[in-house]
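Peer 1: This is the structure I have questions about; it appears just below.
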Amino acid sequence: MMRHLGLTPRLALVFVLFAAALLAGVSALAYANGRAALLASTTADLLSTAHEKEAALASWIEHRQADMAALAASPRLRADLALLLANPDTAAARAAHNRLVAELQPRVTSGGTYLSLMLIEPVEGQVIAATDPAEEGKFKEDRPYFLEGMRHPYVQNVYYAIGLQGLAMTASAPVTSADGRLLAVLAGRLNLAEMSAIISRHSGLHQSDDAFLINPSSLFVTQPYMLTDPVVLQRGIHTEASRRCLAGQSGTLLADDYRGVPTIIVHRWLAERQLCLIVKVDQSEAFVPARAFGAQLLLISALLLVVASGVAIGLARTITRPVLALQAGATRFSQGDRSVTLPITSGDELGMLARTFNTMAAAIGAHEAQLRDYAGQLEHRVAARTAELQVAQTRLQRLVDANIIGVAIAGAGGEIFEANDYYLDMLGVTRHEFACGQVRWSDVTPPEHLPADQRALAELAATGVCTPYEKEYLRRDGTRVWVMIADAVLPQEDGSMIALVQNITDRKHAEQELARQADDLRRSNAELQQFAYVASHDLQEPLRMVSSYTQLLARRYKGRLDADADEFIAYAVDGASRMQTLINDLLTYSRVGTRGKPFTPVDCKAALEQAITNLKLMSAEHGALITHAPLPTVLADAPQLVQLFQNLLSNGIKYHGAEPPCIHVAAEARGAEWIFSVCDNGIGIEPQYAERIFIIFQRLHTRAEYPGTGIGLAICKKIVERHGGRIWVESQPDQGATFYFSLPQHGDASQ
Ligand code: ADP
């Protein structure tokens, strides 16, 4: 409940509660003190009343004893008594008896102190004269007042007198002769109404004052003031006060009285009288001033509380005003008002708080300005980046929409959920069919291509991209298309990926066609080579026969026939000879491809020297000089390498200029190759023929100028290419020619 109140009401309430508690405490203390004081004064009153009544009772009894003693000492009484006793049953005695009665009689008056008086003779205890004639002749020998009264004046305590059928109290005294002889016991029965009057006499201090006596049998001995019915000896009393009192205790207590009403009680045990005196007053009356005091206290407390409430509210406002100002400032601040500055009205903790708040607000304002600045910069950068992204996205979208390549986006499970028209066309699926059903890669992939997909997925998982690979797709109509796929994982964390798919069916078909044609070519080439070889080989024999016989014809019939015949035979011999050369060269050419040997490490220097040896005659004939630089060892077909050097050297010798031929062979490493060079000082070649001279049968000169078949360089080209190299020439007319050829350093050419 308190939690829902504002600070001011809460503080005020706390102050008011505190003041109320304080007032209640003080009031309760004052009331308790006042009540205790009242109790003490009332108890003192009751005690003094009790003392007074006890003293009055004692005094009354003493007076009664004195009365008896004085009457017993009366000379006339003594004299008449002596007469009566001395001569009983005489006229004198009767006269004396009558005088005695007459003397006693005046003391017995209605409502007086004594109800009756009597004289008891001491020997047998018989009443010899009495104001009540009924008493005369009775024996009182066992009565305490008789027994005690023989010795001294005495008052017998209250007792129940059977004869009276009620309470009695009797005073007595010895009547003695002049010589001290006991004549009789004078006894007077007391009027208890007097004692009652003494006890129940109202003190006047309180209206509910009451006092009474009770005897050891817990019976009322005097009539309580409060009771109208006669209760003496009629009613018992059994209260805490009577119990304590009859147990011999004297004291005070707060307890209920015989009516059950709370009272303040003083009780005194009158040991001499064997009676209990109880004096009391009703608490309701005794504490009336206390209640009035309490009511006043309540009124004053209420007034003080009202005043305290006002003060509390004022005080609470004084305390909470700066706090509320602080709160209002903080609220405005939290709502965005950064101009808030709290007034510093004091140097206390609240002042400190306000100062700290101002410092904090200023710091936050500065930070916010800085943040706004950062945010502005960030927004600017985001806008720029967004524009860039939009451009990139537009480009990408154009690429996708251009349908020059298939684009598909698939989930981690392989389900395709985005694709462009190119892709769908490739699969033969309409967009409607694609939208209706889930298309998975595995559904459109022939089983034999699934391993390729698995490899690509594994690579994607490892690196995020996969090496483009080729596969086939199964189209909806059952036909197949060849595609080239490149996958990449998208930046999202759900494992989705994008695939760029190019339809390469046409290329694949072209490749297949090319391969088929290459196969055909290879086969026809092989057949051709085989044909050339077989033809050149098989032609050798008949040609050799033609040549032999034409030569034989020439030898035998030269000059025997006419001149034309000699000339014709000479043509036939020359033709057969040229044909033999041609066929030999052709055979050599065809053997390069069909009769090659496995590659082995070949020392190029040795191969060159073998070629030089083979050309020794030709060299000598033309006075040629052949030199060479250090040459490497290469993996090669050794006889073909010799053939290569030999063809190039022989051309260098054959196509010499005015100077004797001078040829230099060298080799240098370049990259993974050896570049060999064969340089001569011959007639040189027009650069325009640099390619042509490597074609079979292509010659730049007539046979008359330079003999030859036009096959030598074609053989060289075929040998070099078989070794995985190239051959070319650099030359200018009349400046010599340099033939270059390359060989792999590690001999990895096809064999
Ligand atoms: P052949 O030498 O039998 O004519 P080749 O194939 O060896 O056939 O040569 C083809 C042609 O290349 C020759 O006819 C010649 O014109 C030219 N040729 C070859 N080697 C040289 C050279 N070292 N210098 C000048 N021309 C040459």
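The values are calculated or read from the model by the stated rules, or taken from the named source; none is laboratory data. Small disclaimer: the values here were computed from a predicted structure and weren't measured. A quick note on method: Cβ atoms are made from the backbone with ideal geometry, for glycine too, and the neighbour counts reach across all protein chains shown. All accessible areas refer to the heavy atoms of the entire protein, side chains included, with ligands and DNA or RNA removed. Shrake-Rupley method; radii C 1.70, N 1.55, O 1.52, S 1.80 Å.
Peer 1: A24: in a helix (DSSP H, G or I), over 60 Å from the mean Cα position of the chain (by Cα) and over 22 Å from D132 (Cα atoms), yes or no? Break it down into steps so the answer makes sense when it comes.
Peer 2: Numbers: in a helix (DSSP H, G or I): yes; over 60 Å from the mean Cα position of the chain (by Cα): no; over 22 Å from D132 (Cα atoms): yes.
No; evaluated as a whole, the condition is false for this residue.
Peer 1: Name the residues in segment 374-430 that are open to solvent by less than 60 Å² (accessible area, probe 1.4 Å) and assigned to a loop (DSSP other than H, G, I, E, B), would you?
Peer 2: N403, I405, G411, G413, G414, N420, G428, V429
Peer 1: Ok, one more. Looking at (1) open to solvent by 50 Å² or more (accessible area, probe 1.4 Å); (2) part of a loop (DSSP other than H, G, I, E, B), which one does S208 not meet, given that it meets all the others?
Peer 2: S208 satisfies every listed condition except (1).
Peer 1: Right, here's the next one. Identify, by number, the condition in (1) under 28 Å from A606 (Cα atoms); (2) out of contact with any helix residue (DSSP H, G or I) (no Cβ under 7 Å at 6 or more places or on another chain); (3) open to solvent by 70 Å² or more (accessible area, probe 1.4 Å) that P660 doesn't meet.
Peer 2: Failed condition: (2).
Peer 1: Working only within segment 211-233, note down all residues that are closer than 18 Å to G166 by Cβ and open to solvent by less than 30 Å² (accessible area, probe 1.4 Å). Don't jump to the end; show me each part of the working.
Peer 2: At the first step, the residues of segment 211-233 found to be closer than 18 Å to G166 by Cβ are 212-224, 227, 229-233.
Passing the criteria: F212, L213, I214, N215, S218, F220, V221, T222, P224, V231.
Peer 1: Which residue, of L617, L641, is away from the ligand (no atom under 14 Å from the Cβ) and in contact with a strand residue (DSSP E or B) (Cβ under 7 Å, 6 or more places away or on another chain)?
Peer 2: L641 is the lone residue from the list that is away from the ligand (no atom under 14 Å from the Cβ) and in contact with a strand residue (DSSP E or B) (Cβ under 7 Å, 6 or more places away or on another chain).
Peer 1: Filtering segment 651-676 down to residues that are within 16 Å of I612 (Cβ to Cβ) and in a strand (DSSP E or B), which residue is nearest to the ligand (Cβ to nearest atom)?
Peer 2: Checking each candidate, the answer is I663.
Peer 1: I need the full set of residues from segment 733-751 which are more than 10 Å from the ligand (Cβ to nearest atom), surrounded by 19 or more Cβ atoms within 10 Å (Cβ to Cβ) and among the aliphatic types (A, V, I, L, M), in order please.
Peer 2: Within segment 733-751, just L743 meets the criteria.
Peer 1: Something else now. Tell me whether segment 157-179 contains one or more residues that are assigned to a helix (DSSP H, G or I) and either assigned by TED's automatic domain parsing to the domain that holds G260 or open to solvent by less than 30 Å² (accessible area, probe 1.4 Å) (or both).
Peer 2: No: zero hits.
Peer 1: Continuing with the same structure: Could you check segment 64-102 and list, in sequence order, the residues that are free of Cβ contacts under 8 Å to residues at least 40 places away in the same chain, in contact with a Leu (Cβ under 8 Å, 6 or more places away or on another chain) and either surrounded by 17 or more Cβ atoms within 10 Å (Cβ to Cβ) or not assigned by TED's automatic domain parsing to the domain that holds E135 (or both)?
Peer 2: Matches in segment 64-102: D80, A93, A96, H97, L100.
Peer 1: So which residues in segment 175-213 are acidic (D, E) and in contact (Cβ under 8 Å) with a residue 12 or more places away in the chain? Break it down into steps so the answer makes sense when it comes.
Peer 2: Residues of segment 175-213 that are acidic (D, E), as a first pass: 179, 194, 209-210.
Of everything in segment 175-213, those that are acidic (D, E) and in contact (Cβ under 8 Å) with a residue 12 or more places away in the chain turn out to be E194, D209, D210.
Peer 1: Separate question: So which residues in segment 480-525 are touching a residue at least 40 places away in the same chain (Cβ under 8 Å) and of a type in the set (A, V, I, L, M, F, W, C)?
Peer 2: V481, V483, L490, M497, I498, A499, L500, V501
Peer 1: Whether any residue in segment 677-691 is in a strand (DSSP E or B), more than 10 Å from the ligand (Cβ to nearest atom) and in the same structural domain as L625 (by TED's automatic domain parsing) is what I want to check.
Peer 2: Yes, the conditions are met somewhere in segment 677-691.
Peer 1: Working only within segment 251-274, note down all residues that are in contact with a Cys (Cβ under 8 Å, 6 or more places away or on another chain) and of a type outside the set (A, V, I, L, M, F, W, C).
Peer 2: Answer for segment 251-274, where residues must be in contact with a Cys (Cβ under 8 Å, 6 or more places away or on another chain) and of a type outside the set (A, V, I, L, M, F, W, C): H267, R268.
Peer 1: Within segment 404-424, track down each residue that is out of contact with any strand residue (DSSP E or B) (no Cβ under 7 Å at 6 or more places or on another chain) and within 16 Å of M484 (Cβ to Cβ).
Peer 2: Across segment 404-424, the qualifying residue is only I404.
Peer 1: Looking at T43, T8, can you tell me which residue is within 50 Å of the chain's Cα centre (by Cα) and open to solvent by less than 40 Å² (accessible area, probe 1.4 Å)?
Peer 2: Unique residue meeting the criteria: T8.
Peer 1: Something else now. Scan segment 431-467 for residues that are without any contact (Cβ under 8 Å) to a residue 24 or more places away in the chain, loosely packed, with under 13 Cβ neighbours inside 10 Å and in a loop (DSSP other than H, G, I, E, B) and report the count.
Peer 2: Result for segment 431-467: 3.
Peer 1: Another question, if that's okay. With respect to E141, is the statement that it is in a loop (DSSP other than H, G, I, E, B), modelled with pLDDT of 90 or more and either surrounded by fewer than 16 Cβ atoms within 10 Å (Cβ to Cβ) or not aliphatic (A, V, I, L, M) (or both) true?
Peer 2: The answer is yes for E141.
Peer 1: Follow-up question, since we're still on this one. Test of understanding: among A21, A36, A55, A32, which residue is surrounded by fewer than 13 Cβ atoms within 10 Å (Cβ to Cβ) and at pLDDT 90 or above?
Peer 2: Just a single option satisfies the conditions, and that option is A55.
Peer 1: So, one more: Could we say that E272 is closer than 20 Å to A36 by Cβ and not in a strand (DSSP E or B) here?
Peer 2: Judged against the criteria, E272 is not a match.
Peer 1: Can you tell me which residue among T627, T581, T600, T633 is out of contact with any Leu (no Cβ under 6 Å at 6 or more places or on another chain), surrounded by fewer than 21 Cβ atoms within 10 Å (Cβ to Cβ), of a type in the set (S, T, Y) and within 14 Å of G712 (Cβ to Cβ)?
Peer 2: The match here is T581.
Peer 1: Looking only at segment 355-373, which residues are among the charged types (D, E, K, R) and open to solvent by less than 80 Å² (accessible area, probe 1.4 Å)?
Peer 2: E368
Peer 1: Shifting gears a bit: Residues in segment 703-732 that are within 9 Å of the ligand (Cβ to nearest atom), in a loop (DSSP other than H, G, I, E, B), open to solvent by 20 Å² or more (accessible area, probe 1.4 Å) and of a type outside the set (D, E, K, R): how many?
Peer 2: 4
Peer 1: Only one of these conditions is not met by E691: (1) open to solvent by 40 Å² or more (accessible area, probe 1.4 Å); (2) over 18 Å from E721 (Cβ atoms); (3) without any contact (Cβ under 8 Å) to a residue 40 or more places away in the chain. Which number is it?
Peer 2: (2)
Peer 1: Which one is nearest to V573 (Cα to Cα) among residues in segment 509-554 that are open to solvent by 60 Å² or more (accessible area, probe 1.4 Å) and either outside any helix (DSSP H, G or I) or among the acidic types (D, E) (or both)? Don't jump to the end; show me each part of the working.
Peer 2: As a first pass, look at segment 509-554 and keep what is open to solvent by 60 Å² or more (accessible area, probe 1.4 Å): 509, 511-514, 516-517, 519, 521-523, 525, 527-528, 530-531, 537-539, 541-542, 544-546, 549, 551, 553.
Right, trim to either outside any helix (DSSP H, G or I) or among the acidic types (D, E) (or both) and you get 511, 513, 519, 527, 538, 541.
Details: E511: 52, E513: 49, D519: 42, E527: 32, D538: 20, E541: 16 Å.
Within segment 509-554, the match that is nearest to V573 (Cα to Cα) is E541.
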